[in-house]
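So the structure is just underneath, and the comments pick up after that.
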Amino acid sequence: MKRLFSILVIATIMVCGAVNVNATNNVNALPATVVNFVQDEDQAVATDMEDDNVGFHQELKRRFIEGGAGFMGIVLLCLILGLAIAIERIIYLNLSTTNTKRLAQDVEDALNTGGIEAAKEVCRNTKGPVASIYYQGLDRADESTEAAEKAVVAYGGVQMGQLEKNVSWVSLFIALAPMLGFMGTVIGMIQAFDKIEAAGDMQPSLVAGGIKVALLTTVFGLIVAIILQIFYNYIIAKIDRIVNDMEDASITLIDMLVDYKNKRRV
């Protein structure tokens, strides 16, 4: 019994020693394996990143050519014209933006100190539709408050038309680009079915080209519409802000003219 117990103890010690040795060997070998694995992964990721960075423009160009010069060229033209109009409108609207509160304060100070002509001079030296509205209202101030109010309203409509000039073209290109893409899709599908009819057999290789052209034209048309829609919404928001400033300025101007005439009567 003691002999059996001794054998079990010795066997246990030997097994534990072997396990410890194997564990030590595995631990020692692990860093080299991990390092090699990490290096391989880093090299693979770096290679993929280089391929993505180098090949993005080439891939985009290749896909554009595969979509067909006809419809893809028209879609690209919609993007160029839409962006040109949108950028021109953004520049115009930013130049038309005025600090309305400061302008109103300057006009009121000039009106109280120098009269109508001094206030008109302030408006001449200030750019933007709000200053133009102020000038038109002050130009009719000698007639009556009602005449000044009508002049402000009428000229406000003119200025609003100037702000919205050519914006409808951007909305046209937004609608036109995906339509052209869908038309390319239909034409690509028709070409695919023509090839099937001519071959008399349904093979993936026959329809793959037409379907690919159909999908590419649709994708590029939607991309153009999304880009132009972002610019369009920014332009509309900018116009709404300027129009609100014009309406507030009109009310402020009429109040200033009423106070100015009441002070002169006193």
HN-Hα J couplings of segment 156-164 from phi, Karplus 6.51/-1.76/1.60, θ = phi - 60°, integer Hz, Gly and Pro as x?
x, x, 5, 5, 5, x, 5, 5, 8
Karplus-derived 3J(HN,Hα), 6.51/-1.76/1.60, for each residue of segment 92-102, Hz, glycine and proline x:
5, 5, 5, 6, 7, 6, 10, 6, 5, 5, 5
Between ILE226 and ASN262, take the C-beta separation as r, use R0 = 45 Å, and let me know the FRET efficiency to the nearest 0.05.
0.25
Within-12-Å neighbourhood charge of SER250 [Cβ basis; K, R +1; D, E -1]:
-4
Using each residue's phi in segment 126-133, evaluate 6.51 cos²θ - 1.76 cosθ + 1.60 at θ = phi - 60° and report the 3J(HN,Hα) Karplus result to the nearest Hz, with x for Gly and Pro.
10, 8, x, x, 5, 5, 5, 5
Which FRET efficiency value, to the nearest 0.05, do you get for VAL153 and ILE91 by plugging their Cβ-Cβ distance into 1/(1 + (r/R0)^6) with R0 = 25 Å?
0.35
Highest to lowest packing among 157-170, 174-187, 105-118, scored as the average C-beta count within 10 Å:
174-187, 105-118, 157-170
List the lysines whose alpha-carbon lies under 20 Å from that of LYS165, not counting same-chain residues fewer than 8 positions away?
LYS127, LYS238
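Read-outs throughout are calculated quantities, based only on the coordinates presented, and are distinct from any laboratory measurement. Since this is a predicted model, take the numbers as computed values, not measurements. Every residue, glycine among them, receives a Cβ derived from its backbone with ideal geometry; neighbour counts consider all protein chains shown.
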